[in-house]
1. Please express the shape of region 231-338 as an equivalent ellipsoid: the semi-axes are the square roots of 5 times the eigenvalues of the C-alpha gyration tensor, given largest first in whole angstrom.
2. Give me the accessible area of E439, 1.4 Å probe, in Å² rounded to the nearest 10.
3. What accessible area per residue, rounded to a whole number of Å², is obtained for region 386-524 using a probe radius of 1.4 Å?
4. Using the crude model of +1 on Lys and Arg Cβ and -1 on Asp and Glu Cβ, and no other charge, please compute the dipole size for region 328-453 relative to its Cα centre, in debye to 20.
5. Consider all pairwise Cα distances in region 396-473 and report the whole-number % of them above 22 Å.
6. Of all the accessible heavy-atom surface of the chain, with the other protein chains kept in place and a 1.4 Å probe, what percent is carbon and sulfur?
7. Would you work out which of L496, T215, G426 lies farthest towards the positive end of the dipole of the chain? Charges go on Cβ: Lys and Arg +1, Asp and Glu -1.
8. Amide H neighbours of A219 under 5 Å, at least 5 residues apart or on other chains, H built in the peptide plane: list them.
Amino acid sequence: MTDRNVTRAHRTDLAERPHADVLIIGGGINGVATFRDLALQGVDVALVERNDFISGASAGSSHMIHGGVRYLENGEFRLVHEAVRERNDLIGTAAHYVKPLQTTIPIHSAFSGLFSAPMRMLTHAPGKPTERGALLIKVGLTIYDSFSRNGGRVPRHEFHGRKRSLRALPDLHPGVKYTATYWDAAIRDPERLGQDLIRDARAAGGDRARAVNYTSAVAVDGDTVVLEDGPTGRRIPFSAKVVINAAGPWADLVNDALGRETRYMAGTKGSHIVLDHPQLLDATGGRELFFENSDGRIVLIHPLKGRVLVGTTDLEHDIAEPATCTEEEIDYFIDLIAQVLPDIAVDRSQIVYRFSGVRPLPSHEDLPPGFVSRDYRVEHSDLVTGGPRLITLVGGKWTTFRASAEHLTDDTLAELGRERAVTTRGMAIGGGRGYPTDERARQAWIERHDDGVGRERTGRLLERYGTLAAEVIDAILDDDDDRALATLPDFSTAELRHLARTEDVERLADMLQRRTDLAFTGRLSREVFEEIADAIAPVLGWDRSRVASEVARTMDQLSALHGWREAAAEDIPA
């Protein structure tokens, strides 16, 4: 049996064995983390996702793993403490993708906000946005650092005056009076970390851990959940003792489809742009710039993968509509960059990717989006009277995915009358297992695993996949037709075929947006689309007609939703 058949067996087995102890609906970060946790406990678990894994709200993140220092003002000390702890753990357990990130706040006042911020914390009333002064930020960062006291993995915060601040970041607005610098973490490849969690679950659970993308939960028939397989249109009545709704901002829509009307969610849209702008990249000094605009929105300018990520907005959004980054939001971002770095000219031609996501926030009535809690809770009910139990996750964020998955798993184990067998706390994820965290260890790993592909290529694969690069290298060596792509020489046909074969790729967009970072970094042209589609077609069983349709559909999708503009291969950024 080929690797492709092994991967496809999960979809086939869903129909041939339409039952499990637990069915998870939703393949975002919280769903796949819960899938992994339950598989590690030996539970028979199946997960379905209506689109691709990590393609909804989880794909719209700011690429940050952070404690949420601003949530202190809302009095959310439990959430911040948990998030800081999870951030510290991920720096160790997912060291291949999660890296410490120096973050600087430009400050223009010494005492502003001293009254309004405590009142906001005590009363939870939003009030008028007020600039945070140096003293208030100092208090907040001192509390923030205290949550890292035991087991902290990042340095403490520092304050600097105007002269030293401008010496470190000379392009900052000259009116800056202070800067506060602290440390959080960035997640370089969130979609790939999601793939690692799925891989871990399957390794732990074998045939009792099935995850299938492009499959929706569309109805209830008696005490079974009716699943619809996207590629075939086949409907499958699936039975489970516990159904977990981890659909994020779409949780109410899923519950409605299951005959349980709920109004738990009221997600807001957050948009981002990615710029290929060397001057702006240099101006960041390798650190994130983090500040609050006069309208109360938090803004970040974040160096990432040789590009600069700018975000985010916080706007009410109709969950039934696709989330897109509008021209007005782009104007907003360009204006914000000018406020912080006034001498750096930015225009639309430098934007290589734009994206939006919907935050899975709880229903908040008239409360402005920026004041809504980012914490999560778990709701329990019967799916049908006397039938399976329904557990719904309300809220949740990237940083705390392991903790929320642990909560969901513990509640599910209680419903099943089982005990937890193993904790995921401190457990390495995927390619983070054995990942070398200093240059000496990195060079030693490369030397051990350079089996003929070359040290430079081995190092590049280690950077992309962590220690799972060893499997990619094996696949390359086993593929007699491996060759570097003409359009992207740092990728090869065997590498891409391995991803398509082992990571549930169904569409070309899956490869370009979520198995690689080619869309995010703006490295796409018509020639790239065509060459990659041709490379993976034999693995996916695509004929020439399917290749052409995948190229056309993906170009249309990226143009409509992400601002992709057609360019010749020689014009794309390196």
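The values are calculated or read from the model by the stated rules, or taken from the named source; none is laboratory data. Just so it is clear, the model here is predicted, and its values are computed rather than measured. Virtual Cβ from ideal backbone geometry, glycine too; neighbours counted across all protein chains shown. Only protein heavy atoms, including side chains, enter the accessible area calculation; ligands, DNA and RNA are left aside. Shrake-Rupley method; radii C 1.70, N 1.55, O 1.52, S 1.80 Å.
1. Equivalent-ellipsoid dimensions as semi-axes: 38, 17, 13 Å.
2. Looks like 100 Å² after rounding.
3. Numbers: 5310 Å² over 139 residues.
Value for region 386-524: 38 Å² per residue.
4. Values: 15 positive and 21 negative charges, 116 e Å.
Charge dipole, region 328-453, about its Cα centre: 560 debye, nearest 20.
5. Cα-Cα pairs of region 396-473 separated by over 22 Å account for 45 percent.
6. Working: 11310 of 22660 Å².
Roughly 50 percent of what the probe reaches on the chain is carbon or sulfur.
7. So the residue furthest toward the plus end is G426.
8. Counting only residues 5 or more places away or on other chains, the set is V226.
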